[in-house]
Amino acid sequence: MLGVLDPGLTSLLFVTSLTLVSVSNTVLVMALMPFSQPILARLVLKEEVQSSVWFGAVFVLFGLSLFFLGEQIINKDSLLGNVLLLTVFGLMTFSQLLTRKIMLTEISTFVVTSSQMVSATVIMFLNLIFFGNLELPFQASSGTIMTFVYLVFSLAIPFFLYNQAMRHIPVGMASLFLYWLFP
């Protein structure tokens with residue numbers, strides 16, 4: 001389930017939302033992660049939260065509300081994009097909490113990461129079958145090999161390291177590093 005959620009559905013929905021909303025919307029909504037995650041981790045996992053996080057969360061929610069009040073979300077593309085973006089936010093939030101819960105058990109990090117990558121591959125393959133252009137020819141080339149190498153280094157290894165980190169640090173800290181590394 002974890003791989004279906006993240007990176008599976010979150011990747012598809014995130015890329016789709018980026019075609020419909022501005023970058024500022026995306027950055028602002030995703031910037032909520034370091035503030036929402038510690039609070040949700042407190043509620044769900046009973047992890048400690050610093051008072052500065054509570055203050056920051058209120059401040060960020062106020063700022064985000066002001067931004068969206070001035071934003072034109074009347075047209076259907078922008079509205080759909082914001083809904084997709086908030087859905088991605090919710091899926092990522094849930095998957096981070098689930099990852100932390102799983103990583104606190106004795107399940108191997110390699111097993112968790114491998115299942116995430118396999119599940120995400122199935123999601124992407126189904127997306128290709130149902131929504132992709134299957135008329136395009138497939139050509140195995142050096143570019144194809146580089147794509148696989150890129151996927152391993154940009155997706156599998158970072159997910160493995162992130163999962164391993166979730167064994168040792170609270171969700172809020174991991175979320176802060178995640179946003180700092182991948183704004």
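Distance between the modelled labels on Phe59 and Leu155, one decimal in nanometres: 3.7 nm (7 Å Cα→Cβ projection). Distance between the 7 Å Cα→Cβ label points at Ala31 and Ile129: 4.1 nm. Looking at the stretch 1-106, the trypsin sites (Lys or Arg not before Pro) that sit in a DSSP loop and have at most 11 other Cβ atoms within 10 Å of their own Cβ are Lys46. Computed from label points 7 Å out along Cα-Cβ, the spacing between Leu79 and Phe110 is 5.1 nm. For the stretch 33-47, 3J(HN,Hα) computed residue by residue from phi via the Karplus equation (6.51, -1.76, 1.60; θ = phi - 60°) reads 3, x, 9, 6, 4, x, 5, 5, 5, 5, 5, 8, 9, 6, 7 Hz, glycine and proline entered as x. With θ taken as phi - 60° and the Karplus curve 6.51 cos²θ - 1.76 cosθ + 1.60 applied, the whole-hertz 3J(HN,Hα) list for the stretch 6-21 is 9, x, x, 5, 4, 5, 4, 5, 5, 4, 5, 5, 5, 7, 10, 10 Hz, x standing for glycine and proline.
A short reminder: the numbers here are calculations on the coordinates, not readings from a lab. What you are looking at is a predicted structure, and each value in this text was computed from that prediction instead of being measured. Cβ: placed from backbone, ideal geometry, glycine included. Neighbour counts: every protein chain shown.
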